[in-house]
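Asks: Before I ask anything, let me first share the structure, which is written out below as structure tokens.
The values are calculated or read from the model by the stated rules, or taken from the named source; none is laboratory data. Please read all numbers here as calculations on a predicted model, not as lab measurements. Every residue, glycine among them, receives a Cβ derived from its backbone with ideal geometry; neighbour counts consider all protein chains shown.
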């Protein structure tokens with residue numbers, strides 16, 4: 001009898017503890033979630049400090065953990081030697097070169113579309129560079145979006161023998177789409193707005209989406225146009241498929257960092273600005289060393305030869321941005337290497353031209 | 001002298017207690033308490049840690065998002081759903097899909113598993129070996145591989161819509177986008193008939209059991225079989241004529257635009273998941289059933305055969321009722337496995353409750369509450385399933401007096 005009583009008391013005690021934990025936990029979150037995010041101050045436990053200080057974590061580890069993908073030629077894929085290559089990958093390497101001095105000091109974590117958000121929320125990755133569309137709700141929920149890396153828009157790809165000539169013929173069609181993307185929402189918005197019906201076939205893995213489309217499971221597939229171009233280049237008969245000219249959404253593909261470390265947020269933005277400024281100023285991977293003795297004062301500032309572009313405050317060294325450029329080249333070089341005319345993708349730069357050439361690529365001055 | 005006597009008596013003295021550190025009961029209680037504190041401490045730490053981390057990372061834990069428009073499509077829904085409806089509705093649509101596939105899957109896997117088990121026990125050498133191969137194949141290959149195999153290598157390879165395999169006058173149509181069957185559909189007046197069928201079945205069951213009981217108690221012939229059969233057929237017949245004799249219309253699949261419409265449709269995603277799950281689980285069920293049957297004493301079989309019962313009589317009257325007692329408990333865990341494994345659906349594009357939830361996590365970012373909902377859902381499904389089967393199990397167990 002007494003033993004039963006004893007266990008009962010223990011149980012009650014434990015339940016009270018759990019209950020107390022729940023209520024305090026809930027109370028805290030209700031007040032704190034929005035207010036305390038960015039200040040990253042933490043009074044209760046030391047273990048939290050790690051999350052708040054990503055830059056320190058990266059330096060200590062000597063490695064950048066970069067959320068990426070391996071299944072999208074041009075943006076993130078593996079080359080013949082199994083090395084990660086791509087437009088998004090090069091940004092990770094540039095950041096690693098700037099912060100750690102070594103473009104190879106990156107651990108790439110392949111993520112599906114649906115895993116991207118949680119990996120950022122839990123700070124599992126230091127940097128998410130995996131063609132993520134920047135939206136306001138993701139900015140609030142997932143992490144800090146740095147600076148647009150590629151301006152894109154959603155389009156449609158059809159099989160030429162499907163009989164579809166324009167979006168007007170879409171009613172009743174079957175559409176293959178990746179789950180957990182803005183694409184999926186834009187798709188249903190588009191059909192709803194135009195009063196048309198569709199049947200969605202939804203997969204989590206990009207490869208499954210396009211595999212099913214190529215097999216003929218769907219009449220249409222939809223995604224960012226750059227992605228469609230990339231995917232089509234890998235099809236058995238790329239000429240049997242057409243990407244329609246319609247663009248139904250804005251897709252600013254933007255690298256993001258976890259909430260909570262302003263310095264780290266600044267570092268990643270700065271690297272992007274530096275790569276864009278390098279293109280503007282004509283600094284390339286090849287000439288970065290000789291440009292250090294250029295007579296252009298903006299180049300000297302970019303390469304850390306004159307003034308302080310902010311490195312002292314961020315705890316980096318003057319040469320950091322120069323190293324990033326030396327590692328992967330300027331924005332234009334990265335673009336041409338991964339997406340340009342010499343690649344199977346052959347994506348025209350379009351919106352991703354420099355602002356001086358009629359595009360949207362524009363970065364604050366580095367000084 | 002008196003002193004030594006009392007010293008000798010000490011061990012037998014009930015009033016003086018053993019020191020607590022040697023008292024087995026006290027030690028036991030302490031051990032219990034320590035382990036209880038350790039376990040609950042761990043749980044307590046995990047919960048505190050979770051809320052702290054959620055707090056530090058700004059994860060929101062509320063459920064208000066359930067009413068926000070989901071915004072994403074669901075490929076097949078058996079309840080009314082469109083993307084402008086709330087996420088709660090999307091979750092429900094996913095749940096119905098999960099229930100559909102696991103409900104039908106459990107029944108089919110049980111039937112298939114039993115057949116395979118009987119084949120394994122058969123005296124026919126080829127049948128026996130075939131069943132063995134079946135069981136070993138399905139038990140030793142991961143389910144996900146089987147699902148990929150069925151979906152991508154089988155169902156995706158059917159002809160496209162224009163080259164559909166058509167049997168009869170659009171009676172059965174098979175293509176890459178599904179299996180379409182001509183199917184009767186209830187007309188508007190058909191509801192009367194549908195209700196009358198239900199009433200008939202219930203009334204017949206009540207009549208059957210009550211009249212049979214009367215017969216068992218009084219020994220009087222009540223013709224329970226015939227009477228209940230008459231009710232079973234008679235009530236729907238009345239309903240049929242009340243409804244004007246046209247309860248059904250025939251629903252023929254026809255091609256409209258890109259796809260066939262109407263008729264009963266089975267999508268390749270559902271079919272791939274269903275067949276993969278059923279085949280896989282049947283491999284395990286077959287072993288459970290075989291073990292149950294073999295556990296019935298051989299003498300029972302020999303005795304039944306000696307009395308002159310036929311093979312099916314032996315099976316249904318002697319072997320299976322006894323085997324069932326051994327089969328049910330492990331069978332419960334197979335049913336639970338099937339239900340839980342159905343969450344692999346998202347890999348082959350069938351949108352079950354987990355697939356829908358993952359999309360919602362991505363769109364709304366509410367990973368914590370959504371995962372909590374998913375866990376509670378699967379937990380409830382599992383607990384309900386085992387509760388029902390445990391009740392059944394208790395009923396069929398031997399009653400010992």
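Asks: Give region B:145-154 a look and list any residue that's crowded, with 19+ Cβ neighbours inside 10 Å and over 15 Å from residue A:214 (Cβ atoms), or say none.
Replies: B:146, B:147, B:150, listed by residue number.
Asks: Given the criteria without any contact (Cβ under 8 Å) to a residue 12 or more places away in the chain and not assigned by TED's automatic domain parsing to the domain that holds residue A:67, does residue A:185 qualify? So that I can check it myself, show each step before the final result.
Replies: Details: without any contact (Cβ under 8 Å) to a residue 12 or more places away in the chain: yes; not assigned by TED's automatic domain parsing to the domain that holds residue A:67: yes.
The answer is yes for residue A:185.
Asks: Still on this structure, I have one more. Of all the residues that make up region B:238-260, how many are without any contact (Cβ under 8 Å) to a residue 40 or more places away in the chain and exposed (fewer than 14 other Cβ atoms within 10 Å of the Cβ)? Walk me through it before giving the result.
Replies: We begin by selecting, within region B:238-260, every residue without any contact (Cβ under 8 Å) to a residue 40 or more places away in the chain; these are B:241, B:245, B:256-257.
So of that shortlist, the ones also exposed (fewer than 14 other Cβ atoms within 10 Å of the Cβ) come out as B:241, B:245, B:256.
Final tally of qualifying residues: 3.
Asks: Tally up the residues in region A:157-167 that are at negative phi, outside any helix (DSSP H, G or I) and within 14 Å of chain B (Cβ to nearest Cβ), please.
Replies: Narrowing region A:157-167 to residues at negative phi: A:157-162, A:164-167.
Of the ones still in play, those that are also outside any helix (DSSP H, G or I) are A:157-159, A:164-166.
Okay, now just the ones that are also within 14 Å of chain B (Cβ to nearest Cβ), so A:158-159, A:164-165.
Of the residues in region A:157-167, 4 are at negative phi, outside any helix (DSSP H, G or I) and within 14 Å of chain B (Cβ to nearest Cβ).
Asks: Right, here's the next one. Tell me yes or no: at least one residue of region B:340-349 is in a loop (DSSP other than H, G, I, E, B), within 11 Å of chain A (Cβ to nearest Cβ) and in contact with a strand residue (DSSP E or B) (Cβ under 6 Å, 6 or more places away or on another chain).
Replies: For region B:340-349, residues in a loop (DSSP other than H, G, I, E, B), within 11 Å of chain A (Cβ to nearest Cβ) and in contact with a strand residue (DSSP E or B) (Cβ under 6 Å, 6 or more places away or on another chain): present.
Asks: Shifting gears a bit: Can you confirm whether region A:338-348 contains a residue that is more than 30 Å from residue A:233 (Cα to Cα), modelled with pLDDT of 90 or more and buried (at least 16 other Cβ atoms within 10 Å of the Cβ)? Walk me through it before giving the result.
Replies: Pass one, region A:338-348, residues more than 30 Å from residue A:233 (Cα to Cα): none.
No, every residue in region A:338-348 fails to be more than 30 Å from residue A:233 (Cα to Cα), modelled with pLDDT of 90 or more and buried (at least 16 other Cβ atoms within 10 Å of the Cβ).
Asks: Another question about this same structure. Could you list all residues from region B:225-236 that are surrounded by fewer than 17 Cβ atoms within 10 Å (Cβ to Cβ) and either touching a residue at least 24 places away in the same chain (Cβ under 8 Å) or within 16 Å of residue B:202 (Cβ to Cβ) (or both)? Spell out how you get there, then give the answer.
Replies: Our first condition is that a residue be surrounded by fewer than 17 Cβ atoms within 10 Å (Cβ to Cβ); within region B:225-236, this holds for B:225-227, B:229-230, B:233-234.
Within region B:225-236, B:227, B:229, B:230, B:233, B:234 qualify.
Asks: Residue pairs, Cβ under 8 Å, 6 or more apart or interchain, first in region B:324-339 and in the same structural domain as residue B:380 (by TED's automatic domain parsing) and free of Cβ contacts under 8 Å to residues at least 24 places away in the same chain, second surrounded by fewer than 19 Cβ atoms within 10 Å (Cβ to Cβ) and assigned to a helix (DSSP H, G or I). List them.
Replies: Going by the 8 Å Cβ cut-off, there are no qualifying pairs.
Asks: Which members of region A:91-137 meet the condition of being assigned to a helix (DSSP H, G or I), within 10 Å of chain B (Cβ to nearest Cβ) and either more than 16 Å from residue A:181 (Cα to Cα) or within 11 Å of the chain's Cα centre (by Cα) (or both)? Don't jump to the end; show me each part of the working.
Replies: Going residue by residue through region A:91-137, those that are assigned to a helix (DSSP H, G or I) are A:91-100, A:113-121, A:136-137.
From what's left, within 10 Å of chain B (Cβ to nearest Cβ): A:113-118, A:120-121, A:137.
Selection gives A:113, A:116, A:117, A:120, A:121.
Asks: Now, a different point. Do you know which of the residues in region B:202-224 that are in contact with a helix residue (DSSP H, G or I) (Cβ under 8 Å, 6 or more places away or on another chain) and surrounded by fewer than 13 Cβ atoms within 10 Å (Cβ to Cβ) is nearest to residue B:189 (Cα to Cα)?
Replies: Within region B:202-224, the match that is nearest to residue B:189 (Cα to Cα) is B:223.
Asks: Taking helices (runs of 4 or more DSSP H) that fall entirely within region A:280-367, which contain at least 3 residues that are under 28 Å from residue A:76 (Cα atoms)? Talk me through it step by step, then tell me what you get.
Replies: Working: elements: A:288-291, A:297-302, A:311-314, A:320-328, A:331-339.
Fully inside region A:280-367 and qualifying: A:320-328, A:331-339.
Asks: Same structure again: Condition (residue is modelled with pLDDT of 90 or more, closer than 30 Å to residue B:154 by Cβ, assigned to a helix (DSSP H, G or I) and within 14 Å of chain A (Cβ to nearest Cβ)) applied to region B:361-374: is it met by at least one residue?
Replies: yes
Asks: List the number of the failed condition for residue A:223; all other conditions in (1) within 13 Å of chain B (Cβ to nearest Cβ); (2) closer than 18 Å to residue A:113 by Cα; (3) crowded, with 19+ Cβ neighbours inside 10 Å hold.
Replies: For residue A:223, the failing item is (1).
Asks: One residue is enough: does region B:182-189 have a residue meeting the conditions modelled with pLDDT of 85 or more and not in a helix (DSSP H, G or I)? Don't jump to the end; show me each part of the working.
Replies: Step one: list which residues in region B:182-189 are modelled with pLDDT of 85 or more, which gives B:182.
Imposing the further condition that a residue be not in a helix (DSSP H, G or I) reduces the set to B:182.
Yes: one or more hits.
Asks: Let me ask something additional. Does region B:307-314 include one or more residues that are buried (at least 18 other Cβ atoms within 10 Å of the Cβ) and either in contact (Cβ under 8 Å) with a residue 60 or more places away in the chain or in the same structural domain as residue B:102 (by TED's automatic domain parsing) (or both)?
Replies: Applying the first criterion (buried (at least 18 other Cβ atoms within 10 Å of the Cβ)) to region B:307-314 yields B:314.
Among the residues that remain, those that are also either in contact (Cβ under 8 Å) with a residue 60 or more places away in the chain or in the same structural domain as residue B:102 (by TED's automatic domain parsing) (or both) are: B:314.
Within region B:307-314, one or more residues are buried (at least 18 other Cβ atoms within 10 Å of the Cβ) and either in contact (Cβ under 8 Å) with a residue 60 or more places away in the chain or in the same structural domain as residue B:102 (by TED's automatic domain parsing) (or both).
Asks: Right, something else. Pick out the one residue from A:142, A:149 that is surrounded by 23 or more Cβ atoms within 10 Å (Cβ to Cβ), within 11 Å of chain B (Cβ to nearest Cβ) and more than 30 Å from residue A:215 (Cβ to Cβ).
Replies: Values: A:149 fails: within 11 Å of chain B (Cβ to nearest Cβ).
The unique qualifying residue is A:142.
Asks: Restricting attention to region B:226-279, which residues are in a strand (DSSP E or B) and in contact with a helix residue (DSSP H, G or I) (Cβ under 9 Å, 6 or more places away or on another chain)?
Replies: Just the residues of region B:226-279 that are in a strand (DSSP E or B), to begin with: B:248-251, B:254-256, B:259-261, B:264-266.
Matches in region B:226-279: B:248, B:249, B:255, B:259, B:260, B:266.
Asks: Checking the condition closer than 30 Å to residue A:297 by Cα and either without any contact (Cβ under 8 Å) to a residue 60 or more places away in the chain or in the same structural domain as residue A:164 (by TED's automatic domain parsing) (or both), which residue from A:270, A:244, A:281, A:228 passes? Give the derivation first.
Replies: Values: A:270 fails: either without any contact (Cβ under 8 Å) to a residue 60 or more places away in the chain or in the same structural domain as residue A:164 (by TED's automatic domain parsing) (or both); A:244 fails: closer than 30 Å to residue A:297 by Cα; A:228 fails: closer than 30 Å to residue A:297 by Cα.
Exactly one of A:270, A:244, A:281, A:228 is closer than 30 Å to residue A:297 by Cα and either without any contact (Cβ under 8 Å) to a residue 60 or more places away in the chain or in the same structural domain as residue A:164 (by TED's automatic domain parsing) (or both), namely A:281.
Asks: Can you confirm whether region A:227-242 contains a residue that is within 17 Å of residue A:99 (Cα to Cα) and not in a helix (DSSP H, G or I)?
Replies: no
Asks: So which residues in region A:168-220 are part of a strand (DSSP E or B), within 27 Å of the chain's Cα centre (by Cα) and at the interface with chain B (Cβ under 7 Å from one of its Cβ atoms)? Before you say what the answer is, go through the steps one by one.
Replies: Here is the first cut: in region A:168-220, the ones part of a strand (DSSP E or B) are A:173-178, A:198-203, A:220.
With the extra rule that they be within 27 Å of the chain's Cα centre (by Cα), the set shrinks to A:175-178, A:200-203, A:220.
Passing the criteria: A:200, A:201, A:202, A:203.
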